[in-house]
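Trainee: Structure incoming, see below.
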Amino acid sequence: MTPTGILGAGSPVLAFDVGGTDTKAGLFDADGTLREVVRVPTPYSVDGSGNAVLAQLGALAQGFAARHPDLEPAAAGLIVPGLVDEETGTGVYAENLGWRDVPFRDAASAALGVPVAFTHDVRAAGKAEYRLGAAGSYGNVVVVVIGTGIASAIFLDGVPYSASGYAGEIGHAVIDPGGIACACGGNGCLEAIASAGAIARQYNALAAVPVAGAREVLDLAQAGDDIAVSVWNTATDALGLALSTVAALLAPEAIVLGGGLAQAGPALFEPVERRMNSLLTFHRRPVLLPATVGENAGLVGAALGARDRLTGAPA
Ligand SMILES: [Zn+2]
């Protein structure tokens, strides 16, 4: 549950988090309180245009307007997965959702009748963690979201770094060359080893009784199941290795771990930190912090973007 008034005072704004499975829409009021969240399935773009997604955003906004006539949103924040170019406002590519080169920012602005701030889902969640969460006192921060996939948002000397949308893809850093096939077409990517989905898949490939998710693998590991212990250790080793490279390259003061897998708490943080630190020598050792904004971090980040758009604050 998002705390009351998380955004602080300002204009009411809409926020849309278009996910690989579901789209979440939120309405924030002038106090910065998330007044309502609606969740609907994300339509697949059969023709690659993204028009079905845009039509859905319009319908969601109309629903809010009907249910909350007291609130008049002055801007909207829209976040999508895949490859995103913030400078041009384009959703370049989303493998799971079928679109290519969709001018989401301008099209959504036309559909909604308000200015739209458009960014990548993980960079928005990262911004929420960076501005409102535990890492706020640091200038150099990497927020790593570990869920179905793994991606990160990078803040260098207080400024987000996206490199036309290509930066932060730590999930596709190769940890095990020639290893397990990854959805990106590569092999041995971090995401293919250590995402929540990968942990469950690897356990199921080896065990007689399948599990539904990574949480069950952790429970089995803690109960002493050898296969589960091995899969969990392989995943936390891979994360520690990847984060040691992040520490060497970017020297963040803090690395925030969020997403579903971070709910595992010390069972994740302790082995990852141990592995990371075992690989560092003179480097600055980042503190590992759990994400604190919660399950609506993407929506909150989208809303922050909408507020920034109105005030002219830098992204
Ligand atoms: Zn990959």
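Trainee: Considering the range 54-85 alone, what residues qualify as being under 24 Å from the mean Cα position of the chain (by Cα) and farther than 17 Å from Arg39 by Cα? Show your work before the answer.
Mentor: Applying the first criterion (under 24 Å from the mean Cα position of the chain (by Cα)) to the range 54-85 yields 54-58, 60-61, 75-85.
Scanning the range 54-85 gives Ala75, Gly82, Leu83, Val84, Asp85.
Trainee: Is it the case that some residue within the range 15-33 is of a type in the set (Lys, Arg), part of a strand (DSSP E or B), within 26 Å of Gly168 (Cα to Cα) and at pLDDT 95 or above? Walk me through it before giving the result.
Mentor: Taking the range 15-33 and keeping what is of a type in the set (Lys, Arg), we get 24.
Next, from what is left, pick out any that are part of a strand (DSSP E or B): 24.
Among the residues that remain, those that are also within 26 Å of Gly168 (Cα to Cα) are: 24.
Keeping just the survivors that are at pLDDT 95 or above gives 24.
Yes.
Trainee: With the requirement that a residue be modelled with pLDDT under 95, hydrophobic (A, V, I, L, M, F, W, C) and part of a helix (DSSP H, G or I), what does the range 298-315 give you?
Mentor: The answer is Leu310, and nothing else.
Trainee: Can you confirm whether Gly58 is touching a helix residue (DSSP H, G or I) at 6+ places or on another chain (Cβ under 7 Å), more than 22 Å from Ala173 (Cβ to Cβ) and not in a loop (DSSP other than H, G, I, E, B)?
Mentor: Against the criterion (touching a helix residue (DSSP H, G or I) at 6+ places or on another chain (Cβ under 7 Å), more than 22 Å from Ala173 (Cβ to Cβ) and not in a loop (DSSP other than H, G, I, E, B)), Gly58 qualifies.
Trainee: I've got another one for you. Tell me, which strands (runs of 3 or more DSSP E) wholly within the range 119-217 include 3 or more residues that are within 16 Å of the ligand (Cβ to nearest atom) and under 12 Å from the mean Cα position of the chain (by Cα)?
Mentor: Ranges flagged: 141-146, 150-156.
Trainee: Any idea which of Asp237, Asp226, Asp157, Asp219 is acidic (Asp, Glu), more than 19 Å from Gly20 (Cβ to Cβ), in contact (Cβ under 8 Å) with a residue 24 or more places away in the chain and not assigned by TED's automatic domain parsing to the domain that holds Asp85? Show your work before the answer.
Mentor: Details: Asp226 fails: in contact (Cβ under 8 Å) with a residue 24 or more places away in the chain; Asp157 fails: in contact (Cβ under 8 Å) with a residue 24 or more places away in the chain; Asp219 fails: in contact (Cβ under 8 Å) with a residue 24 or more places away in the chain.
The conditions single out Asp237.
Trainee: Filtering the range 160-174 down to residues that are without any contact (Cβ under 8 Å) to a residue 24 or more places away in the chain and in contact with a Cys (Cβ under 9 Å, 6 or more places away or on another chain), which residue is farthest from Gln263 (Cα to Cα)? Quick ask: steps written out before the conclusion?
Mentor: Initial filter on the range 160-174 (without any contact (Cβ under 8 Å) to a residue 24 or more places away in the chain): 161, 163, 167, 169, 172, 174.
Checking the rest, the ones that are also in contact with a Cys (Cβ under 9 Å, 6 or more places away or on another chain) come to 169, 172, 174.
Details: Glu169: 21, His172: 22, Val174: 25 Å.
The qualifying residue farthest from Gln263 (Cα to Cα) is Val174.
Trainee: Something else about it: Mind checking which residues of the range 265-294 are hydrophobic (A, V, I, L, M, F, W, C), buried (at least 21 other Cβ atoms within 10 Å of the Cβ) and assigned to a helix (DSSP H, G or I)?
Mentor: Selection gives Leu268, Val272, Met276.
The values are calculated or read from the model by the stated rules, or taken from the named source; none is laboratory data. Quick caveat, the model's predicted, so the values are computed rather than measured. No Cβ is skipped: glycine too gets one built from the backbone with ideal geometry, and neighbour counts run over all protein chains shown.
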